[in-house]
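For reference, the structure discussed in these notes is given below.
The values are calculated or read from the model by the stated rules, or taken from the named source; none is laboratory data. Quick caveat, the model's predicted, so the values are computed rather than measured. Every residue, glycine as well, gets a Cβ built from its backbone with ideal geometry; the counts of neighbours run over all protein chains shown. To get the accessible areas, we keep the full protein, side chains included, count just its heavy atoms, and leave off ligands, DNA and RNA. Shrake-Rupley method; radii C 1.70, N 1.55, O 1.52, S 1.80 Å.
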Amino acid sequence: MREEAPIDLHIPGLEHSLAMFVHGQQDKFVSRQIREQGIWEPYETSLVLQLLHPGSVFVDVGANLGYFSVVAASLVGDAGKVVAFEPDPANFELLRASSDLNHFGSRIQAVQAGLSDRASDGRLYLSQDNMGDHQIYAGEGDRESLPIELLNGTDFLIPLTPQIDLLKVDTQGSEYQVMTGLMPLLKEQAIAPRIIIELTPFSLRESGASGRMLIELLASLDLPLWIIDHVEHELVESTAHELAKWCDDVDASTGDQGFMNILVGEM
């Protein structure tokens, strides 16, 4: 169930008033923080504010309840575009409701599907207390699941836009498959994209890939790599070698579920 009343967002530096619908008490993470603080992932939010401008195109893969999509839509204006992919019906309902609440129907194209390396039917395995932790592979534990549609990102997006200015990918371990599907579009762009992506070697292994595979795929774009430091609120420049080595070290430690978010692109 969702909260009946929308929650006002409190985002430093944002010129526009925004509100959004969130899940009820069953969501112990994203919805709870938005309800209590009016913001989610403050440093990444500040990066989105820095990287998006009127006319920009933002693609949100694993949009969850739509927080970053709504924030992005307020920044890109009527000349810009937000394409948000979210396969979970409950999350998708909140995404659409928040889009309508803020009158962003012409800016946000919400797609009830996940992305992968090829178009196919799939299943979404559900977390009971973290509505942002659903995943498209069985993994560990006994999760309920439901059927979903998976799309190839390049095939779907080419008719919509020749350019992605900022891409955010947070798909709980399927990032390698998502990025494989998007690479043809990203490599053909006239202007190099910027990408914010989660790097969790444990989850990537469970989905049939690895952290090293994802880093090597991202490195093929020949763009700078940065660690997003949520503690110090700064970007730490890194290299593909350093990040791949970190992934190997995590893989070598049984049960280590360490993760980081990284930024790909020029700053």
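Using a Förster distance of 25 angstrom, determine the FRET efficiency expected from the C-beta separation of His233 and Ser120, and round it to 0.05.
Working: r = 39 Å, r/R0 = 1.57.
So the FRET efficiency works out to roughly 0.05.
Carbon and sulfur: what percent of the chain's accessible surface (1.4 Å probe)?
Here it works out to 49 percent.
If you place +1 on the Cβ of every Lys and Arg and -1 on the Cβ of every Asp and Glu, how big does the dipole about the Cα centre of the stretch 53-162 come out, in debye to the nearest 20?
Working: 6 positive and 15 negative charges, 88 e Å.
Taking the Cα centre of the stretch 53-162 as origin, the dipole is about 420 debye.
Give the long-range amide H neighbours of Ala19: residues separated by 5 or more places, or on another chain, with amide H under 5 Å away, using H modelled in the peptide plane at 1.01 Å from N.
Result for Ala19 returns Leu9.
Tell me, what HN-Hα J-couplings in whole Hz come from the Karplus equation 6.51 cos²θ - 1.76 cosθ + 1.60 at θ = phi - 60° for each residue of the stretch 221-231, using x for Gly and Pro?
7, 6, 10, x, 10, 9, 7, 8, 8, 6, 7
Once amide H atoms are placed 1.01 Å from N in the peptide plane, what residues at a sequence separation of 5 or more from Arg194, or on another chain, have their amide H within under 5 Å of its amide H?
Those qualifying (amide H under 5 Å, at least 5 residues apart or on another chain) are Leu166, Leu167.
Report Rg(Cα)/(2.2 N^0.38 Å) for the chain, keeping two decimals. Each step should come with its number before you reach the end.
On the way: Rg = 17.3 Å, N = 267, 2.2 N^0.38 = 18.4 Å.
Relative to the 2.2 N^0.38 Å estimate, the chain comes out at 0.94.
Would you mind classifying the stretch 184-242 by shape? Square roots of the alpha carbon gyration tensor eigenvalues, ordered a ≥ b ≥ c; an a/c under 1.5 is rounded, otherwise it is prolate if a/b is larger than b/c and oblate if not.
oblate
Taking the square root of 5 times each eigenvalue of the Cα gyration tensor, what semi-axes in Å does the equivalent ellipsoid of the stretch 93-209 have, largest first?
Values for the stretch 93-209, descending: 24, 20, 13 Å.
Report the far tail of the P(r) of the stretch 87-145, meaning the percent of Cα-Cα pairs longer than 15 Å.
The proportion of pairs with Cα distances above 15 Å equals 57 percent.
Name the residue from Val61, Val82, Gly141 whose Cα lies farthest towards the positive end of the charge dipole of the chain, charges +1 on Cβ of Lys and Arg and -1 on Cβ of Asp and Glu.
Going by the Cα projections, it comes out as Val82.
Just to verify a number: FRET efficiency for Asp129 and Ala79, C-beta to C-beta distance, R0 = 45 Å, to 0.05?
Rounded to the nearest 0.05, the efficiency is 0.70.
What is the gain in length, in nm to one decimal, between Ala252 and Asp155 on full extension, counting 0.36 nm per residue of separation less the C-alpha to C-alpha distance?
In short, 31.3 nm is gained.
With θ taken as phi - 60° and the coefficients 6.51, -1.76 and 1.60, list the Karplus ³J(HN,Hα) couplings across the stretch 113-121 in order, rounded to whole Hz; mark glycine and proline as x.
6, x, 10, 8, 7, 7, 6, 6, 7
So what is log10(I(q)/I(0)) for the stretch 140-267 at q = 0.09, 0.19, 0.20 1/Å, when the Debye sum runs over its Cα atoms only?
Each listed q corresponds, in turn, to -0.27, -1.11, -1.20.
What does the accessible area per residue of the stretch 161-222 come to in Å², with a 1.4 Å probe and no ligands, DNA or RNA counted? Write out the running numbers ahead of the final one.
Working: 2100 Å² over 62 residues.
Per residue, the stretch 161-222 has 34 Å² of solvent-accessible surface.
Label Glu4 and Ser46 with points 7 Å out from Cα along Cα→Cβ: what is the distance between them in nm?
About 3.8 nm separates the two model spin labels.
Can you show me the helix-derived [θ] at 222 nm for the chain, built from DSSP H runs with n ≥ 4 at -39,500 (n - 2.57) apiece and divided by the number of residues, rounded to the nearest 500. Walk me through the numbers before you get to the answer.
Values: 9 runs with 88 residues, N = 267.
Value at 222 nm, helices only: -9500 deg cm²/dmol.
Can you give the FRET efficiency to the nearest 0.05 for Met267 and Gln25, using r as the Cβ-Cβ distance and R₀ = 51 Å?
Numbers: r = 39 Å, r/R0 = 0.76.
It comes to 0.85.
Amide H to amide H under 5 Å from Ser238: which residues, 5+ apart in sequence or cross-chain, H placed 1.01 Å off N in plane?
Sorted by chain and number, the residues that satisfy this are Leu225, Trp226, Ile227.
Fully extended, how many nm does the chain gain between Asp222 and Glu15 (0.36 nm per residue separation, minus their Cα-Cα distance)?
71.1 nm
Only loop residues by DSSP count here, and only those with at most 16 other Cβ atoms within 10 Å; note down the GluC sites (Glu not before Pro) in the stretch 137-166 that meet that.
Counting only loop positions with at most 16 other Cβ atoms within 10 Å, the GluC sites (Glu not before Pro) in the stretch 137-166 are Glu140, Glu144.
Considering only DSSP beta bridges with both partners in the chain, what is the antiparallel share in %, to the nearest 5?
Here the share of antiparallel DSSP bridges comes out near 55 percent.
Considering every Cα-Cα pair within the stretch 5-122, what fraction, in whole percent, is farther apart than 25 Å?
It works out to 17 percent of all Cα pairs.
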